[in-house]
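The next block holds one structure in the form of C-alpha cells; read it before the comments.
The values are calculated or read from the model by the stated rules, or taken from the named source; none is laboratory data. Fair warning: this is a prediction, and the values are worked out from it, not measured in the lab. With ideal geometry, Cβ positions are generated from the backbone for all residues, glycine too; neighbour counts draw on all protein chains shown.
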Amino acid sequence: MTAASSTRTQVAVVGGGPAGLMLSHLLHRAGIETVVIDHRTVHEIESTHRAGILEADSVRLLTETGVYATGAERVLTEGDRHGGIYLRFGGESHHVDFERLVGASVWLYPQTEVFVDLHAARTRDGGDLRYGISGTTVCEVEHTPRVTCTDPDGAVHEVRADLVVGADGSRSICRDIVARGESGHRRYGREYPFAWFGFLCEAPKSAPELIYNRSERGFALVSQRTESIQRMYFQVDPDTDPADWSEDRIWTEMQLRLAGRDGFELRTGPIIETSVLPFRSFVQTPMRHGNLVLAGDAAHTVPPTGAKGLNLALADVRVLAEVAENVLLKGEEEGEQALAGYTDRALARVWKAQHFSYWMTTMLHRAPPAAGGAYSDFDERRQLGELATLVSSEAGSTYLAEGYTGWPTP
Ligand SMILES: Cc1cc2nc3c(=O)[nH]c(=O)nc-3n(C[C@H](O)[C@H](O)[C@H](O)COP(=O)(O)OP(=O)(O)OC[C@H]3O[C@@H](n4cnc5c(N)ncnc54)[C@H](O)[C@@H]3O)c2cc1C
C-alpha cells in the first residue's frame, strides 16, 4: 500500500502512554525530534483509570524536567503526599511510616493526570503526536526502521526514523519483533490464580492513606482519588464477570473483608465504574533488537500490588533518553555501546520491582488451598506470621518502606 505521507524523524515512538510521552518530552529537551503514534484516542486514555501512586523519583522527573511551567506543578498542588500505608490484617490496621523509616514518601496522583500533564507539555512544545491511529507496523529495524499506520480518516502514513521505541504497553507488537530478531531472547513470567475487581465510587475518604488489607475472604485495597471520589479493589477469581456484582454485593464484600475489632468504618457511596484486572509478572530480555528498543509495560509487567508499573515505565525512559542521546548525538561506537547496555541498566531496577511486587502480592492475597488435607491452611497462617513480623520489626518495615517509595536512581 502506498503511504499518503512520509515523515523523517529521529525517534519514532510507538505508544503514547506515560512511557512514550515522557520519553518524547525528555528527548525534545535534548534537541531530538520524535513522532509519537498511539492506537487509542486522547479521550480514551484520559478516561481509563489505572495507576495512582508515584514514587518520589517519578514526581521529581515530572517537576524537574520542565513538564510544568514554573509554579504550576499540578502533581504537587493537586496530588496528595502520602507518608506511609496501612497494613491491615486480623481486623487491625498497622501504619508503616515511610517518612520515619526511610525519610521518603509517595504521591497519590492518578496516571490519567500524569498523561494529561505530559500530553499538555508535548502539545505546548509543538510535539508531533498522532492519536487514534490503527494498523501499526514496524519493519526494517536492523538498518533503517520504518513505522506505518493508518489515521482515523483511513490514510496510510509512514514514519522513517533512526530509532524506534516500543512503548506500546502490555499487548506490545514491538515486543514480538524484538523476540523474533533475537534468537537468544528469554521471557520470564508468572500467572496468579486471582485478579482484582476494581471500582470507582462517590464517597468520602475512609482513611488518609492506602489500606492494604489481608483477610480470610481475600485481599482488599482502599485507595483514594479526591475528597469525594475513591478507588478500591478486592481480590476475585480471574474469570469473574463484573455484571454479577451488584452495588450491594460489592459493598457487603468490602465490609466483610475490612471488618475488625477496632471498629474501622468503610465509607460507601454510589459506584461509578467497575472492571476486572487479571495480572501477571512478566519480563522479556533483551529489551532491544537492532534499532528497536522497548520501554515500560511492553518489556515487563508487574502485579499492581506494589504500585510499581507506572514508576518502572518512567524509570525505563529516564535511562532510554540518555541512550538515545548517545545514539543520535554522539559517534557510532558510543551509540552502539549505549544501546547494548540499555537492557542491563533498565533490568537492574525491573527485577527489584518484580520481586517487591511478587512479595507484596503473595503476602496479602489468599491463594487457593494447596492440596494438603489437614495441612492445607499452612499458607494462611504463614502469611499472618509474616505480616506480624513485618509490622513489629524495624528491619522488616524498613524493607517495605524502601521498596514502596522506590530505590534511588543511580
Ligand atoms: C487497573 C490498573 C491499576 C494499576 N495500578 C498501578 C499502580 O497503582 N501503580 C503503578 O505504578 N502502576 C499501576 N498499573 C500499571 C500501569 O498502569 C502501567 O504499568 C503503565 O500504564 C505503563 O505505562 P506504559 O506507557 O508502559 O504503557 P501504557 O500506559 O499501556 O501505554 C501504552 C500505549 O500504547 C498504545 N498502543 C498499544 N499498542 C499499540 C500499537 N500497536 N500501535 C500504537 N499504539 C499502541 C496504547 O494505546 C497505550 O496508550 C496499573 C494498571 C492497571 C491496568
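Limited to region 22-42, what total is found for residues that are touching a helix residue (DSSP H, G or I) at 6+ places or on another chain (Cβ under 6 Å) and over 21 Å from residue 330 (Cα atoms)?
2
Collect the residues in region 6-57 that are of a type outside the set (Val, Ile, Thr) and surrounded by fewer than 16 Cβ atoms within 10 Å (Cβ to Cβ), keeping them in residue-number order.
6, 8, 29, 30, 31, 43, 44, 46, 47 - these are the residues of region 6-57 that are of a type outside the set (Val, Ile, Thr) and surrounded by fewer than 16 Cβ atoms within 10 Å (Cβ to Cβ).
Looking at residue 226, is it part of a loop (DSSP other than H, G, I, E, B) and β-branched (Val, Ile, Thr)? Talk me through it step by step, then tell me what you get.
Details: part of a loop (DSSP other than H, G, I, E, B): yes; β-branched (Val, Ile, Thr): yes.
Yes.
Looking only at region 106-121, decide whether some residue is within 22 Å of residue 322 (Cα to Cα) and small (Gly, Ala, Ser).
Among the residues of region 106-121, at least one is within 22 Å of residue 322 (Cα to Cα) and small (Gly, Ala, Ser), which makes the answer yes.
Let's see how each residue does on (1) touching a Cys at 6+ places or on another chain (Cβ under 8 Å); (2) aromatic (Phe, Trp, Tyr); (3) near the ligand (Cβ under 9 Å from one of its atoms); (4) not in a loop (DSSP other than H, G, I, E, B):
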position: 24; (1), (2), (3), (4): no, no, no, yes
position: 31; (1), (2), (3), (4): no, no, no, no
position: 37; (1), (2), (3), (4): yes, no, yes, yes
position: 43; (1), (2), (3), (4): no, no, no, yes
position: 49; (1), (2), (3), (4): no, no, yes, no
position: 57; (1), (2), (3), (4): no, no, no, yes
position: 60; (1), (2), (3), (4): no, no, no, yes
position: 66; (1), (2), (3), (4): no, no, no, no
position: 72; (1), (2), (3), (4): no, no, no, no
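Could you check how many residues of region 74-85 are in contact with a helix residue (DSSP H, G or I) (Cβ under 8 Å, 6 or more places away or on another chain), among the β-branched types (Val, Ile, Thr) and in a helix (DSSP H, G or I)?
Total satisfying the criteria: 1.
Among the residues of region 191-210, is there at least one that is in a strand (DSSP E or B) and within 16 Å of residue 14 (Cα to Cα)?
Among the residues of region 191-210, not one is in a strand (DSSP E or B) and within 16 Å of residue 14 (Cα to Cα), which makes the answer no.
Report yes if some residue within region 110-129 is more than 16 Å from the ligand (Cβ to nearest atom) and farther than 19 Å from residue 18 by Cα; otherwise report no.
Within region 110-129, not a single residue is more than 16 Å from the ligand (Cβ to nearest atom) and farther than 19 Å from residue 18 by Cα.
Here's a check for you: in region 186-216, which residue that is farther than 30 Å from residue 226 by Cβ and out of contact with any Ser or Thr (no Cβ under 7 Å at 6 or more places or on another chain) is farthest from the ligand (Cβ to nearest atom)?
216
Condition first: under 30 Å from residue 388 (Cα atoms), in contact with a Ser or Thr (Cβ under 6 Å, 6 or more places away or on another chain) and not in a helix (DSSP H, G or I). Now tell me which residues in region 86-138 satisfy that.
Within region 86-138, 86, 96, 104, 106 qualify.
For region 290-317, name all the residues that are in contact with a Leu (Cβ under 6 Å, 6 or more places away or on another chain) and within 16 Å of the ligand (Cβ to nearest atom).
Within region 290-317, 295, 314, 317 qualify.
So if I check each of 12, 56, which one is at pLDDT below 95, in the same structural domain as residue 149 (by TED's automatic domain parsing) and not hydroxyl-bearing (Ser, Thr, Tyr)?
Unique residue meeting the criteria: 56.
In this structure, does residue 160 turn out to be under 23 Å from residue 16 (Cβ atoms), modelled with pLDDT of 95 or more and either away from the ligand (no atom under 14 Å from the Cβ) or under 19 Å from the mean Cα position of the chain (by Cα) (or both)?
Yes; evaluated as a whole, the condition is true for this residue.
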